[in-house]
Amino acid sequence: MSGSGAGGDGAAAPRRRTVLLSGLAGAGAGVAAGVGGALAAERPAPSPDTRLAAGRASARAFRGTHQAGILEAPPAQAAFVAFDLHEQADGDAVRRLLTVWTDDIERLMAGRGTLTDLEPELAAVPASLTVTVGVGPRVVELAGAERPDWLAPLPAFPEIDALEDAWGEGDLLLQICAESPTTVAHAQRRLTTSVADLASVRWVQRGFREPFEGPGIPMRNLLGQVDGTVQPDVTGLDADLLWVGADGPAWLRGGSSVVVRRIGMRLDAWDRADRAARENAIGRRLDTGAPVTGGTLDSAADLEATDELGFHVIDDAAHMRRAHATAPHERFLRRPYSYDDGVEGGGMRTGLVFVAFQADPARQFVPVQRRLAQADLLNLWTVPVGSAVFAVLPGAGSGEVLGQAMFA
Ligand code: HEM
């Protein structure tokens, strides 16, 4: 591969999580209260009790151009819930469902119970709750709106896929994220029961990340790797990679798409690999997350570097080399969560809920996934068992209902 070296070419230059975190203030999707910025250095550090209270009370803004839950640094807990509309559902049912969810989500994110909430006390801890709504092709068709070509199952990747229907496409998706597992569970239950006459749960994928993530404390997946380092600058120059623009259907402008792939990990086999093999699989060190070509976490990887025998230092099949964009549009925002559902019947119950947001998955995501399916050392230890694609609705402005433009 003749990669120009990560960072060597401007368009595909790596933007790191720290950039993402620090660039959020102007993002317009709602930012948690309490981000101290430069002022923090001048004030005495808050006591642990104060920080805990602030974290529990932290509420994100619901209304805006884009839905919340995409640009924010991912909170520690998440549930991805896919729904099937009942068979007899029509456009009116979709409209009713989205009206109910709009009101429910606005209340829950603000720390208030839903209209029919029997446990509003559980809603009183918003803990940075965000709920992000996605829709599948059936919803778009029932609403009478134009379906983007990419709103369909991804092409098959027979080299790697072991997909189970249980984790397949649905009519609707809720991505529910918060710092508190209780908050996530409560929101999931309220949002499920309030539309029970219209839709049923198809699958739930629970996920978690490191609760103390932030600059200097990166996300680690369950293979122990620092994950999410190289990201496009979606709050700046690369915003077009994330949001549907004028070339997409009018009802989806300001929206996005999400690919949710459930990827199992063969941890037993991983345990048998030595450290050199593990680092070689990605092309990054396990301790610092830095490229094996040297430097620190934020250093650009040198994809051209060779060893004394003339072989690439970053293996030709290393995950980061194979996943690296070969054209500027082959990039997307990764927002993955780990899952660990225990050991049952010897099956693989641990892995990554791989979540990618982009304006057009066919153009941006599929070429990368195809390359990884063809060759990626990581495939020795990972198996995709679920795959689904949803259109992420634009944000709801003042007085608007989520997805209302679909009915225009
Ligand atoms: C269980 C499955 C996976 C694991 C454990 C994993 C892990 C990692 C790790 C540790 C890195 C290096 C650090 C970073 O930049 O984040 C990385 C990079 C990356 N991964 Fe994955 N990954 C997985 C699946 C995928 C999939 C399915 C895709 C897309 C189809 C993907 C796309 C990327 C991209 C675009 C990069 C950045 C490459 C660059 O340096 O330019 N990954 N991944």
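As a test question: what accessible area, to the nearest 10 Å², does Thr116 have when a 1.4 Å probe is rolled over all protein chains in place?
That residue has around 90 Å² of solvent-accessible surface.
Based on a Kirkwood Rh over C-alpha pairs, give the Stokes-Einstein translational diffusion coefficient of region 53-162 at 4 °C and viscosity 1.567 mPa s in µm²/s.
Approximately 79 µm²/s, per Stokes-Einstein.
Could you please state how large a percent of the accessible area of region 294-408 is carbon and sulfur, counting protein chains only and using a 1.4 Å probe?
Carbon plus sulfur share of accessible area: 52 percent.
In Å², what does the accessible area per residue of region 364-408 work out to with a 1.4 Å probe?
Normalised by residue count, the accessible surface of region 364-408 is 31 Å².
What does the C-alpha gyration tensor say about the overall shape of region 259-329? Classify as rounded when a/c is under 1.5, otherwise prolate if a/b is larger than b/c, or oblate.
Oblate.
Got a number for carbon plus sulfur as a percent of region 87-138's accessible area, 1.4 Å probe?
Solvent-exposed carbon and sulfur of region 87-138 make up 53 percent of the total.
Let me check against my output: what whole-number percent is the relative contact order of the chain, with C-alpha pairs under 8 Å and at least 6 apart?
25 percent
How many Å³ per residue does the convex hull of the Cα positions in region 244-392 occupy?
So the per-residue Cα hull volume is 134 Å³.
In the chain, what percentage of the DSSP-assigned beta bridges are antiparallel, given to the nearest 5?
100 percent
Before I look further, what does region 198-292 give for accessible area per residue, probe 1.4 Å, in whole square angstrom?
42 Å²
Report ³J(HN,Hα) in whole Hz for each residue of region 164-174, in order, from the Karplus equation J = 6.51 cos²θ - 1.76 cosθ + 1.60 where θ = phi - 60°; Gly and Pro get x.
Values, residue by residue: 10, 4, 4, 10, x, 4, x, 7, 9, 9, 10 Hz.
Stretched out fully, how many nm does the piece from Ser47 to Val401 gain, at 0.36 nm a residue minus the Cα gap?
123.4 nm
Using a 1.4 angstrom probe on heavy atoms only, work out the carbon and sulfur share of the accessible area of region 170-254 in %.
Carbon and sulfur atoms account for 55 percent of the accessible area of region 170-254.
The values are calculated or read from the model by the stated rules, or taken from the named source; none is laboratory data. Just so we're clear, the structure is a prediction, and the values are computed from it rather than from any experiment. We work out accessible area using only protein heavy atoms, side chains counted, and drop any ligands, DNA or RNA first. Shrake-Rupley method; radii C 1.70, N 1.55, O 1.52, S 1.80 Å.
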